[in-house]
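**Student:** First, the structure itself, so that you have it in front of you.
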Amino acid sequence: MKLIKNILLLTAVALFASCKTDVDTPQFPTPDEFVAPVINACSDVIVNANNSAAESVIFTWKAADFGLPVQIVYSVYLASGETSGLLGTSSSTSLTIMKGDLNGVALNKLGIEPNGTGAVTAYVTASVYGTTQYDELKSAASNSFNVTTYLMPLKNFYVVGFFNGWSPDTAPEIWETAGGTGTFEGMYPFPEDGTNPGGSGFKIIEQRNWGAGNWGFDAFTGKGDNFTSSSDGNLVLPAGIYQLSMTRTPMTISATAVQRVAAIGTFNEWADDDSELTYNAVTNVWESVPVTFGEGGEYLIRLNKSWDFKYGSSGKASTTIDGGIELVTKGGDNIPVAEAGTYIITLHADRTPYVVELVKQ
């Protein structure tokens with residue numbers, strides 16, 4: 001009898017434990033039971049000088065269903081053919097984006113010509129916040145609609161950090177690659193700052209003051225693998241020279257390391273030991289020591305002492321730097337020197353394309 005009682009007791013404990021597990025551990029339905037979001041129809045969008053910063057576009061959709069009350073993150077994309085660009089993310093069933101920011105995605109990601117019109121679609125994806133266990137659910141594309149883009153004036157932000165003494169009023173510019181793209185590129189040195197061993201801290205700021213937008217590590221939804229954060233939230237890169245690229249929508253930033261910035265040409269008989277350029281934090285340019293050209297002199301800009309990273313002449317005069325020549329990345333012709341003499345070669349690397357000029361001594 002005692003044996004039977006013990007068996008019954010163990011059976012009851014096992015049943016209780018089984019019931020407790022079923023109650024306490026929620027189980028997702030199988031993925032084939034999930035319901036994808038459904039994006040609503042979109043109307044044509046026209047962007048112009050008057051509405052780019054004053055009007056917005058609202059995308060809406062029917063909620064996804066993962067079978068349980070979970071927090072869902074939605075990502076909205078604009079697409080043209082097989083190419084798409086992220087417009088933004090939302091925890092609700094709508095996303096509002098300024099027309100100017102949408103214009104930047106259409107120009108920069110989809111390749112629609114400035115002041116042109118292109119047919120696009122939109123779609124939305126849904127994922128469970130905090131886990132990658134389940135695949136994203138993707139809506140079907142919206143109806144096709146037209147986006148008419150606007151060639152916006154170039155914008156710029158500023159880079160402030162240890163390299164310029166954390167002085168916002170002297171922070172160098174980082175210029176947009178083209179008007180309305182929302183992508184900003186430039187090359188800067190980042191020396192070790194002492195408070196971040198082996199690294200250098202900086203931020204991106206909207207104006208030359210701390211009162212407007214200033215963006216550190218947590219402000220960017222996407223960052224390159226070489227970025228870390230300081231204790232006070234600054235972006236930190238390993239000490240060195242970097243080509244920065246940041247986008248405004250969405251907020252992302254990446255950095256490509258550069259070992260050497262230099263000039264090579266007839267002034268040094270095209271010797272492989274090219275003349276290194278140093279950064280002038282006051283004027284935001286890279287400068288050579290004075291070099292002397294004879295008649296028919298020519299030169300090029302090189303990175304990393306490599307012909308794979310040469311910057312030659314496009315044959316186009318700069319519209320922003322008087323006397324400057326626009327350069328071609330990994331190409332272009334030798335840059336001619338109009339008159340023999342001694343010059344400082346000056347590289348403006350805070351813009352696209354880079355611009356070089358000669359300052360006669």
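**Student:** Could you list, in sequence order, all residues of region 271-291 that are out of contact with any Asp or Glu (no Cβ under 9 Å at 6 or more places or on another chain) and in a loop (DSSP other than H, G, I, E, B)?
**Tutor:** Answer for region 271-291, where residues must be out of contact with any Asp or Glu (no Cβ under 9 Å at 6 or more places or on another chain) and in a loop (DSSP other than H, G, I, E, B): 271, 272, 273, 274, 281, 282, 283, 290.
**Student:** While we're on this one: Take region 111-135 and flag every residue that is farther than 25 Å from residue 183 by Cβ and in contact (Cβ under 8 Å) with a residue 24 or more places away in the chain.
**Tutor:** Passing the criteria: 126, 127, 128, 129, 130, 134, 135.
**Student:** Being free of Cβ contacts under 8 Å to residues at least 24 places away in the same chain, surrounded by fewer than 20 Cβ atoms within 10 Å (Cβ to Cβ) and touching a strand residue (DSSP E or B) at 6+ places or on another chain (Cβ under 8 Å), is that true of even one residue in region 260-270?
**Tutor:** yes
**Student:** Does any residue of region 109-124 turn out to be surrounded by fewer than 19 Cβ atoms within 10 Å (Cβ to Cβ), more than 24 Å from residue 184 (Cα to Cα) and assigned by TED's automatic domain parsing to the domain that holds residue 142? Full working, then the answer.
**Tutor:** Step one: filter region 109-124 for residues surrounded by fewer than 19 Cβ atoms within 10 Å (Cβ to Cβ), giving 110-111, 113-119, 121.
Applying the additional criterion that residues be more than 24 Å from residue 184 (Cα to Cα) yields 119, 121.
Then drop every residue that is not assigned by TED's automatic domain parsing to the domain that holds residue 142, which leaves 119, 121.
Looking through region 109-124, at least one residue is surrounded by fewer than 19 Cβ atoms within 10 Å (Cβ to Cβ), more than 24 Å from residue 184 (Cα to Cα) and assigned by TED's automatic domain parsing to the domain that holds residue 142.
**Student:** On to the next question. Name the single residue, out of those in region 85-110 being in contact with a Gly (Cβ under 8 Å, 6 or more places away or on another chain) and without any contact (Cβ under 8 Å) to a residue 60 or more places away in the chain, that is nearest to residue 146 (Cα to Cα). Reasoning before the result, please.
**Tutor:** The initial filter retains those residues of region 85-110 that are in contact with a Gly (Cβ under 8 Å, 6 or more places away or on another chain), namely 95, 97, 100-101, 103-110.
Still in the list and also without any contact (Cβ under 8 Å) to a residue 60 or more places away in the chain: 95, 106, 109-110.
Details: 95: 19, 106: 11, 109: 16, 110: 13 Å.
Among those residues, the one meeting the criterion is 106.
**Student:** Something else about it: In this structure, is residue 218 outside any loop (DSSP other than H, G, I, E, B) and of a type outside the set (Ser, Thr, Tyr)?
**Tutor:** Judged against the criteria, residue 218 is a match.
**Student:** Inside region 273-312, can you point out the residues that are crowded, with 20+ Cβ neighbours inside 10 Å, touching a residue at least 24 places away in the same chain (Cβ under 8 Å) and within 17 Å of residue 355 (Cβ to Cβ)?
**Tutor:** Scanning region 273-312 gives 277, 279, 284, 285, 286, 288, 299, 300, 301, 302, 303, 311.
**Student:** I've got another one for you. Has region 266-285 got any residue that is touching a helix residue (DSSP H, G or I) at 6+ places or on another chain (Cβ under 7 Å) and of a type in the set (Phe, Trp, Tyr)?
**Tutor:** no
**Student:** Are there any strands (runs of 3 or more DSSP E) wholly within region 293-361 with 1 or more residues that are in contact with a His (Cβ under 6 Å, 6 or more places away or on another chain) and not basic (Lys, Arg), and if so which?
**Tutor:** 355-360
**Student:** With (1) without any contact (Cβ under 8 Å) to a residue 60 or more places away in the chain; (2) surrounded by 15 or more Cβ atoms within 10 Å (Cβ to Cβ) as the list, and residue 144 as the residue in question, which single condition is left unmet?
**Tutor:** Failing condition for residue 144: (2).
The values are calculated or read from the model by the stated rules, or taken from the named source; none is laboratory data. Note that the coordinates shown come from a computational prediction; the quantities given were computed from them, not determined experimentally. Quick reminder, even Gly has a Cβ in these numbers, built from the backbone with ideal geometry, and neighbours come from all protein chains shown.
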